[in-house]
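This is the structure I want to talk about, given as structure tokens.
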Amino acid sequence: MKKLKNILVICIATLISIMNISCQKKFDDSKDIQEKIIKLDKAGWEAWKNKNGEWFEQNTTSNFVSISAEGVSVKKDVINATISNCNVNSYELKNIKFIMLSEKSALLTYKVIQDGTCNGAKLNSKIQVAANYIFQNDKWLEAFYMESKIE
């Protein structure tokens, strides 16, 4: 009987260890995903500043949508504006928050302080942003971007 109790204790301890490793793995994966997506999003801002439309071609979904004070834009509109209509002098992302919505969907929210123009009009100097990324075709892609002016 004592031998059976020892075996049972070992089995339970092993099961708990396996469960902890599994939970830790999910947490680690989420942290890795968070780092990747934040890095990707920051690269998108840098691409916008440097008029690099190729970044948007490669890192947004085919049905990407952007909503801002100028209205609703689809992927093609964003690429065209990036390479021709906007001049970004500076930007700074603040208070970045990351939420995993599902295994293949994540949300970033943050504030931006920016200086520049699009179509000759001055950009709102302070905005709140929400950006949705999805895992598609073995990579994280931006699917949706929305910004709103803040004071």
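Identify all residues within the range 103-135 that are part of a strand (DSSP E or B), closer than 28 Å to residue 35 by Cβ and either more than 13 Å from the chain's Cα centre (by Cα) or acidic (Asp, Glu) (or both); write none if there are none.
Within the range 103-135, the subset part of a strand (DSSP E or B) is 105-118, 121-122, 126-135.
Then drop every residue that is not closer than 28 Å to residue 35 by Cβ, which leaves 105-116, 126-135.
111, 112, 113, 114, 115, 116, 126, 127, 128, listed by residue number.
With the checklist (1) surrounded by 17 or more Cβ atoms within 10 Å (Cβ to Cβ); (2) outside any strand (DSSP E or B) in hand, flag the one item residue 76 doesn't pass.
All conditions pass for residue 76, except number (1).
In addition: Give the range 79-89 a look and list any residue that's part of a strand (DSSP E or B) and either at positive phi or surrounded by 12 or more Cβ atoms within 10 Å (Cβ to Cβ) (or both), or say none.
Taking the range 79-89 and keeping what is part of a strand (DSSP E or B), we get 86-89.
Result: 86, 87, 88.
Residue by residue through the range 33-53, note down the ones that are modelled with pLDDT under 95 and of a type in the set (D, E, K, R).
Listed by number, the residues that qualify are 49, 51.
Take the residues in the range 54-76 that are modelled with pLDDT under 90 and farther than 24 Å from residue 150 by Cα, then tell me which one is nearest to the chain's Cα centre (by Cα).
Of everything passing the filter in the range 54-76, 75 is nearest to the chain's Cα centre (by Cα).
Of these, 92, 46, which one is free of Cβ contacts under 8 Å to residues at least 40 places away in the same chain, touching a strand residue (DSSP E or B) at 6+ places or on another chain (Cβ under 6 Å) and either over 21 Å from residue 135 (Cα atoms) or surrounded by fewer than 17 Cβ atoms within 10 Å (Cβ to Cβ) (or both)? Walk me through how you get there before you give the answer.
Numbers: 46 fails: touching a strand residue (DSSP E or B) at 6+ places or on another chain (Cβ under 6 Å).
Just one listed residue meets the conditions, 92.
Within the range 31-43, work out how many residues are closer than 20 Å to residue 118 by Cβ and touching a residue at least 40 places away in the same chain (Cβ under 8 Å). Give the steps one after another, and end with the answer.
Step one: of the range 31-43, the residues closer than 20 Å to residue 118 by Cβ are 41-43.
The next check asks that each one be touching a residue at least 40 places away in the same chain (Cβ under 8 Å); those that pass are 41-42.
Looking only at that region, the number is 2.
Considering only residues of the range 111-127 that are among the hydrophobic types (A, V, I, L, M, F, W, C) and out of contact with any Lys or Arg (no Cβ under 9 Å at 6 or more places or on another chain), which is surrounded by the most Cβ atoms within 10 Å (Cβ to Cβ)? If you could, list the steps in order and put the result at the bottom.
The initial filter retains those residues of the range 111-127 that are among the hydrophobic types (A, V, I, L, M, F, W, C), namely 112-113, 118, 121, 123, 127.
Within this subset, residues satisfying the condition of being out of contact with any Lys or Arg (no Cβ under 9 Å at 6 or more places or on another chain) are 118, 121, 123.
Working: 118: 18, 121: 10, 123: 22.
Ranking the candidates gives 123 first.
The values are calculated or read from the model by the stated rules, or taken from the named source; none is laboratory data. On a predicted model such as this, the values are computed, not experimentally measured, just so you know. Counting neighbours? That spans all protein chains shown, and the Cβs are built from the backbone with ideal geometry, glycine included.
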